[in-house]
1. Scan the stretch 157-179 for residues that are modelled with pLDDT of 70 or more and surrounded by fewer than 10 Cβ atoms within 10 Å (Cβ to Cβ) and jot them down.
2. State which residue is farthest from the chain's Cα centre (by Cα) when the search covers only the stretch 18-67 and only residues that are open to solvent by less than 80 Å² (accessible area, probe 1.4 Å) and among the basic types (Lys, Arg).
3. With Leu56, Leu60, Leu34, Leu66 as the choices, which residue is touching a Phe, Trp or Tyr at 6+ places or on another chain (Cβ under 7 Å), free of Cβ contacts under 8 Å to residues at least 60 places away in the same chain and farther than 27 Å from Phe184 by Cβ?
4. If the requirement is being in a helix (DSSP H, G or I), within 30 Å of Ala185 (Cα to Cα), open to solvent by 90 Å² or more (accessible area, probe 1.4 Å) and charged (D, E, K, R), which of these qualifies: Arg12, Arg109?
5. Report the residue count in the stretch 173-189 for those that are closer than 18 Å to Glu22 by Cβ and in a loop (DSSP other than H, G, I, E, B).
6. Can you tell which of Asn84, Asn96 is outside any helix (DSSP H, G or I), in contact (Cβ under 8 Å) with a residue 12 or more places away in the chain and not charged (D, E, K, R)?
7. Can you tell me which residues in the stretch 112-134 are open to solvent by less than 30 Å² (accessible area, probe 1.4 Å) and either at pLDDT 85 or above or under 20 Å from Lys38 (Cα atoms) (or both)?
8. Does the stretch 33-45 contain any residue that is among the polar types (S, T, N, Q), over 21 Å from Ala177 (Cα atoms) and not in a helix (DSSP H, G or I)?
Amino acid sequence: DVMYEWNNVPRRVSVSSFYMDETEVSNIDYLEYLYWLKRVYSKPGEGEDWIYEKALPDTLVWRDKLGYNEPFVTQYLRHPAFQNYPVVGVSWSQANDYCLWRTDRVNERILINEGVLKEIPEDQIEENTFNTEAYLARLYINDNVEKGGLKNLTPDGEKRRDVKLEDGLLLPKYRLATEAEWEFAALGY
């Protein structure tokens with residue numbers, strides 16, 4: 001603060017338990033997301049890539065008056081030498097969209113591994129993609145869903161039942177950490 005006003009009073013904040021990734025999201029992870037967006041939402045011959053273009057990080061963050069960073073502007077995201085480096089130039093809304101996408105892909109893979117969903121072919125387009133919230137609300141209707149999900153242990157006659165969040169199979173939403181969570185993680189308690 002330029003005027004040295006002490007108007008940010010320190011206070012104690014409680015943080016409930018949370019999980020945080022050990023490392024940042026790398027370029028290779030974000031490129032997988034970009035590839036998925038292009039494959040699912042781009043229509044061949046129509047040139048409608050606005051969803052893909054909206055997700056592209058701002059590579060101009062490397063430009064600086066006092067330094068020569070032009071190779072980073074053109075190569076940092078896509079060059080194989082930088083594939084394990086953290087992705088840079090992503091806005092808050094882009095990072096939030098990535099978290100939602102990651103939640104759906106991880107839960108989709110869990111359900112495939114458990115035999116609830118069939119392996120989804122490469123012809124996924126727009127509405128044909130898996131969405132965790134739609135699945136839990138029983139709105140996900142697709143040929144890839146097996147007959148029922150888990151073995152039903154209640155004596156109501158049904159042999160199989162849908163997977164619920166309470167079963168502990170599906171993971172909760174990935175999200176961005178709050179300021180208090182970042183500080184708590186940085187202090188290493």
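The values are calculated or read from the model by the stated rules, or taken from the named source; none is laboratory data. All of these numbers come straight from a predicted model, not from anything done at the bench. Heads up, the Cβs are rebuilt from the backbone with ideal geometry, glycines too, and the neighbour counts pull from every protein chain shown. Ligands, DNA and RNA are stripped out before the accessible areas are found, and what is left, the full protein with its side chains, is counted by its heavy atoms. Shrake-Rupley method; radii C 1.70, N 1.55, O 1.52, S 1.80 Å.
1. Keep residues of the stretch 157-179 that are modelled with pLDDT of 70 or more, which gives 161-179.
Residues satisfying the conditions are Glu166, Gly168, Glu179.
2. Kept after step one, since they are open to solvent by less than 80 Å² (accessible area, probe 1.4 Å), are these residues of the stretch 18-67: 18, 20-21, 25-31, 33-34, 36-37, 39-43, 47, 49, 51-52, 55-59, 61-62, 67.
Filter again for among the basic types (Lys, Arg), leaving 39, 43.
Working: Arg39: 16, Lys43: 23 Å.
So the residue we want is Lys43.
3. On the way: Leu56 fails: touching a Phe, Trp or Tyr at 6+ places or on another chain (Cβ under 7 Å); Leu60 fails: touching a Phe, Trp or Tyr at 6+ places or on another chain (Cβ under 7 Å); Leu66 fails: touching a Phe, Trp or Tyr at 6+ places or on another chain (Cβ under 7 Å).
So the residue among Leu56, Leu60, Leu34, Leu66 that is touching a Phe, Trp or Tyr at 6+ places or on another chain (Cβ under 7 Å), free of Cβ contacts under 8 Å to residues at least 60 places away in the same chain and farther than 27 Å from Phe184 by Cβ is Leu34.
4. Arg109
5. Step one: list which residues in the stretch 173-189 are closer than 18 Å to Glu22 by Cβ, which gives 174-177, 181-189.
Now narrow it down to the ones that are in a loop (DSSP other than H, G, I, E, B): 174-177, 188-189.
Adding up the residues that qualify gives 6.
6. Numbers: Asn96 fails: outside any helix (DSSP H, G or I).
It is Asn84.
7. Residues of the stretch 112-134 that are open to solvent by less than 30 Å² (accessible area, probe 1.4 Å), as a first pass: 112, 116-117, 120, 124, 129-130, 132, 134.
Within the stretch 112-134, Ile112, Ile120, Gln124, Thr129, Phe130, Thr132, Ala134 meet the criteria.
8. yes
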